[in-house]
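Colleague: My questions will all concern the structure given below.
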Amino acid sequence: MTLRAELHALEDTALPLPVRTRGWSPAEVTVDGAPATGLLRAPDGVLWIHLDAGAHQVLLRGPAPAAGSFQLPLPLPPRHIDALVDGWSVEGIADGLPVGAQLQFTRVQAPTPESE
């Protein structure tokens, strides 16, 4: 699973990422193509990232959970969401906008070696 976010910061700041200890968690986080530094896991399970002022491309990558469904929290409401999924359905998006504070992923077919 790969999540790409374009994040804009007016000043050096820390932002919450759409990750919790339960559900999906990335194996890799990059900022502008380089491994992320300044990651912090808060006691409530939210993963925070430090960003310098400016626009940044943040990629989160990791295997999808083995469970048949999982939730992805949206601690900061995105301005637009594109979901390209294979073998999963996604709830919580309407016309490219979030509906609520999380996305719900549900497996619609068993994983195959090609889709993992």
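Colleague: Would you mention how many residues in region 1-40 are loosely packed, with under 13 Cβ neighbours inside 10 Å and closer than 21 Å to D82 by Cα?
Modeller: Here the count works out to 6.
Colleague: Those residues that are modelled with pLDDT under 90 and open to solvent by less than 20 Å² (accessible area, probe 1.4 Å), I need them from region 43-56; list them, please.
Modeller: Scanning region 43-56 gives G45, V46.
Colleague: Next question, about the same structure. Look at region 63-93 and say how many of its residues are of a type in the set (F, W, Y) and under 18 Å from P16 (Cβ atoms).
Modeller: 1
Colleague: Then there's this: Where the second residue is of a type in the set (S, T, N, Q) and the first is over 13 Å from P77 (Cβ atoms) and lies in region 92-107, which pairs have Cβ atoms under 8 Å and are six or more apart or on separate chains?
Modeller: Q104/S69; Q104/Q71; F105/S69; F105/Q71; F105/S89; T106/S69; T106/S89; R107/S69
Colleague: Could you grab me the full set of residues in region 1-46 that are farther than 15 Å from L103 by Cα, touching a residue at least 24 places away in the same chain (Cβ under 8 Å) and hydroxyl-bearing (S, T, Y)?
Modeller: Of everything in region 1-46, those that are farther than 15 Å from L103 by Cα, touching a residue at least 24 places away in the same chain (Cβ under 8 Å) and hydroxyl-bearing (S, T, Y) turn out to be T13, T21, T30.
Colleague: Between P77, P63, which is assigned to a loop (DSSP other than H, G, I, E, B), touching a residue at least 60 places away in the same chain (Cβ under 8 Å), open to solvent by 90 Å² or more (accessible area, probe 1.4 Å) and out of contact with any Ser or Thr (no Cβ under 9 Å at 6 or more places or on another chain)?
Modeller: The unique qualifying residue is P63.
The values are calculated or read from the model by the stated rules, or taken from the named source; none is laboratory data. Keep in mind that what you see is a predicted model, and the values were worked out from it rather than measured. Neighbour counts are summed over all protein chains in view; Cβ atoms, including those assigned to glycine, are modelled from backbone coordinates with ideal geometry. What goes into the accessible areas is simple: the full protein's heavy atoms, side chains included, and nothing from ligands, DNA or RNA. Shrake-Rupley method; radii C 1.70, N 1.55, O 1.52, S 1.80 Å.
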